[in-house]
Amino acid sequence: MKSHNPQERPAFPKRVVITAGMPYGNKDLHFAHIGAVFVQADFFARFLRDRLGPDNVLFVSGTDCYGSPIVESWKNASEGGSFSGSIEDFVALHHDLQRKCLDRYQISLDYYGASGLGESKFIHEEISNEVFQQLRDNQRLIKVEVPQFYDERAQALLNGRQVIGKCPFQGCPSDKAYADECAVGHQYMPSDLVNPISTLSGEKPTIRKVPNWCIKLEDFRKDLQQWLGHMQTQPGHRDFVSKIITEFLSEPIIHVLKTFEDKLQALEGQLPKHERLDDGEKARSFRLVFSSLSDRDQACEILSQAEVRYRTSKYLVPFRLTGNVDWGVPVHDVSHDGKPLTFWVWPESLWAPISFTATYEQSTHGDAKRWRRWWNSTDTKIYQYIGEDNIYFYGIGQFAIFSGLQAQSPQLPPPEGELQLTTLIASKHLLFLDKKASSSGDIKPPMAQELLAHYTSDQLRAHFLGLGMGKKSVSFKPRPFDPQAKDNDADPVLKEGNMLSNVLNKAARSCLYTLQKFFDGLLPVADISEPIHHRCQEAAIEFERHVSKNQFYLAMNTADSFIREITKKWNREMKEAEASSNEALRRQTLVDCFHMVKVAMILMHPVAPEGTEMFLRYLKLGQNFWSWDTIFDPIYTFMDNPHTHRFEHLEPRVDFFPKHESQFTKK
């Protein structure tokens, strides 16, 4: 047999950490949490365990326990009578719901923690303060009088979700903006929010200056530009990730409507030095380009006082690390007016996966410090699966924090012993019936648990992996949830699942039933034909190459074509063997197709773990069956004695990839 060329196969790191974006602790998981993030991350983790060995892969995530949305949800639930208990009880309830949902979708996390619960809470607090102290020691932090909204009637400082207005960024598509962050993730100073309204009183709040610690993102601008260049050369880099980050690397700009040209002309002498640009007659506004953020902020104050309408461009504003909400990770030895500060939820959630790794190491090896062998080693590559809206935080905020932990000027890539920078695998929006769904918007997404009343987890996993969310937003159109669907319409969600339930299932059953009927349950010992051996190599390497680039939908296409070839070959050659009573052809077809099914099952193992593991149990072989080191070897290599190894008897109508009971026609 001709062996594969190792040079054709993509390279993988020695060790891998995989994280999945953390869901908030005020809700169960909806379909996009599962489909756009967790299934994608789980597929890659399962594939790499087969490819690198399970000891070289760590998959962690957890519940994001803190933040103003959780506080607001808890208060509303408590006041409305739907919940009775502490905020910690409230978060624990949802953490448990999330974990059960992940289990039902076969998400194989090594550790699913919670930033504010159990042992991970205390380890997370310790690591959070280590990060803060190291950044302060490295002189990366600045104390800033951060503007914060204050409700005069309620006599209360307002948290992020207690103020609603319009995003100040030019051209922002968001339909909702909060104190310092809009619904699509733009960051700005509270004073820039357009038409702010307090949710407590319904009145316009005032601004008060509150001291907080920030990391000055502007200082990392050149380093970030350098890292972007490196990022864009990596296999599978998604262009929209670097595009979104690049939008924040321009000069500080203010957009002023041309209708205010006379007022702007009168203020020219008062504004800091800037360049005024006119993009032509069709443009509605002028661009005022400043050399620094402080100059731009000074200009904003002048324009506001003169009642000139403007919008700011995206820029690297200081990234706040601390806040003053009670429900948060405490910052040790730091306070304001005698009240201890807490971490703002976004930065502490960025290093929470490190805390979860430390908790995992503490529980399995009794040493939380072992997290460094994963996160501080150049032998490890860290993949983070996130949604498009979170690119700013992971791509810019996290970059500055991780780079700022180096004692000297950041080295890129970081050397051995320093915290390694991560590879961001961001998904575009997973739409619901062609529209963006949000638990806080008008279109409510179906919860992940609801889908399992209509589909198996293998079917849903296969469908989500077949969607190309790395390039554009795609729509999820489950027929049971589509009011426009007709009785005779095919269900788009079942396309990939049918490849499993109908095609691969039939191929596996045909091989086993034929083996039982004609060969006494023993697989004939014979060489795989050269064309089949070559085709299996070709399909596996193509699949592997797509996975290495995080192009899972292309890997699914490769597998689909390959699996359908098995059925075509079986039907054609077995029909010929029957017609001519050609026992040799029957034997060779069985040997060849069984090898193809073996390879197909390995390809599908990270896609449909339940069905493929069931197949392995019938083979009565060990878990080394899934190793990619031996993916091209005949199945005999896994048997102690191929001449006596008898597979488990397969009864009639047993399915490896059964359909959901709701999909059978009821008579």
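We did not get these values from a lab; they are worked out from the coordinates using the rules stated. The structure presented is a predicted model; accordingly, all values stated were derived computationally and were not measured. In this analysis, Cβ positions are derived from the backbone assuming ideal geometry, glycine residues included, and neighbour counts consider all displayed protein chains.
Under the classification rounded if a/c is under 1.5, otherwise prolate if a/b is larger than b/c and oblate if not, where does region 156-310 fall, given a ≥ b ≥ c as square roots of the Cα gyration tensor eigenvalues?
Because a/c hits 1.5 or more and a/b fails to exceed b/c, region 156-310 counts as oblate.
Going by average Cβ density within 10 Å per residue, which order do the peptides 36-45, 477-486, 388-397 take, highest to lowest?
Highest mean packing first, the order is 36-45, 388-397, 477-486.
Can you work out the base-10 log of I(q)/I(0) for region 258-310 at q = 0.14, 0.19 1/Å, using the Debye formula on its C-alpha atoms alone?
-0.34, -0.63
Need the list of aspartates and glutamates near K216 for cross-linking: C-alpha distance under 20 angstrom, and skip anything on the same chain fewer than eight residues off.
In chain and number order, the partners are E130, D137, E145, D180, E181, D192, E247, E251, D295, D297, E348.
About its Cα centre, what dipole magnitude does region 499-663 give when the only charges are +1 on Lys and Arg Cβ and -1 on Asp and Glu Cβ, stated in debye to the nearest 20?
360 debye
Of (1) 38.4; (2) 35.4; (3) 32.2, which is the value of mean projected area of the Cα convex hull in nm² derived from the coordinates here?
(2)
Identify all lysines with a Cα-Cα distance to K486 below 16 Å; exclude those on the same chain that are fewer than 8 residues away in sequence.
Leaving aside lysines fewer than 8 places away in the same chain, those within reach of K486 are K477.
Given A462, A299, H95, which one lies farthest toward the positive end of the charge dipole of the chain, if we put +1 on the Cβ of every Lys and Arg and -1 on the Cβ of every Asp and Glu?
A462
Mind ranking 347-358, 506-517, 591-602, 297-308 by how tightly packed they are, going by the mean number of other C-beta atoms within 10 angstrom, highest first?
347-358, 591-602, 506-517, 297-308
Which angle between 0 and 90 degrees, to the nearest 10, do you get for helix 39-52 versus the longest principal axis of the chain when only C-alpha atoms count?
Relative to the chain, helix 39-52 is tipped by roughly 60 degrees.
How many percent of the alpha carbon pairs in region 428-587 exceed a separation of 22 Å?
Every Cα pair in region 428-587 considered, those over 22 Å come to 56 percent.
Counting other beta carbons within 10 Å of each residue's own, what order do E416, E8, E565, E247 fall into, fewest first?
So the ranking, lowest neighbour count to highest, is E416, E8, E247, E565.
Pop the C-beta distance of K273 and D640 into the FRET formula with R0 = 51 Å and round what comes out to the nearest 0.05.
So the FRET efficiency works out to roughly 0.05.
With a Förster radius of 35 Å, plug the Cβ-Cβ distance of L433 and I164 into 1/(1 + (r/R0)^6) and report the FRET value to the nearest 0.05.
Given R0 = 35 Å and the Cβ-Cβ separation, E is 0.85.
Rounded to the nearest 5, what % of the DSSP beta bridges within the chain are antiparallel ones?
Antiparallel: roughly 65 percent of the beta bridges in the chain.
How large is log10 I(q)/I(0) at q = 0.12, 0.13, 0.19 Å⁻¹ when the Debye formula is applied to the Cα atoms of region 499-663, each weighted equally and without solvent?
Calculated log10 I(q)/I(0) at the listed q: -0.51, -0.60, -1.34.
On a 0 to 90° scale, report how tilted helix 221-231 is relative to the longest principal axis of the chain, with both axes built from alpha carbons and the result rounded to the nearest 10.
10 degrees
Sort T558, T233 by Cβ crowding within 10 Å, fewest neighbours at the top.
Least crowded to most crowded, the residues run T233, T558.
Arrange the peptides 188-194, 129-135 so that the one whose residues have, on average, the most other Cβ atoms within 10 Å appears first.
Highest mean packing first, the order is 188-194, 129-135.
Can you give the relative contact order of the chain as a percent, counting alpha carbon pairs under 8 Å and 6+ residues apart?
Answer for the chain is 16 percent.
Assuming R0 = 25 Å, what is the FRET efficiency of L412 and E218, from their Cβ-Cβ distance, to the nearest 0.05?
With R0 = 25 Å, the Cβ-Cβ based efficiency is 0.90.
Sort T378, T19, T567, T312 by Cβ crowding within 10 Å, fewest neighbours at the top.
Arranged by neighbour count, lowest to highest, T378, T19, T567, T312 become T378, T567, T312, T19.
Before rounding to the nearest 500, sum -39500 (n - 2.57) across all DSSP H runs of length at least 4 in the chain and divide by the residue total; then give [θ] at 222 nm in deg cm²/dmol.
Value at 222 nm, helices only: -11500 deg cm²/dmol.
Kirkwood hydrodynamic radius, computed over distinct alpha-carbon pairs, for region 58-122: how many Å, to one decimal?
It works out to 12.7 Å.
How big is the charge dipole of the chain about its Cα centre, in debye rounded to the nearest 20, if each Lys and Arg gets +1 on its Cβ and each Asp and Glu gets -1 on its Cβ?
1280 debye
Just to confirm the number: angle between the C-alpha axis of helix 583-604 and the first principal axis of the chain, 0 to 90 degrees, nearest 10?
That works out to roughly 20 degrees.
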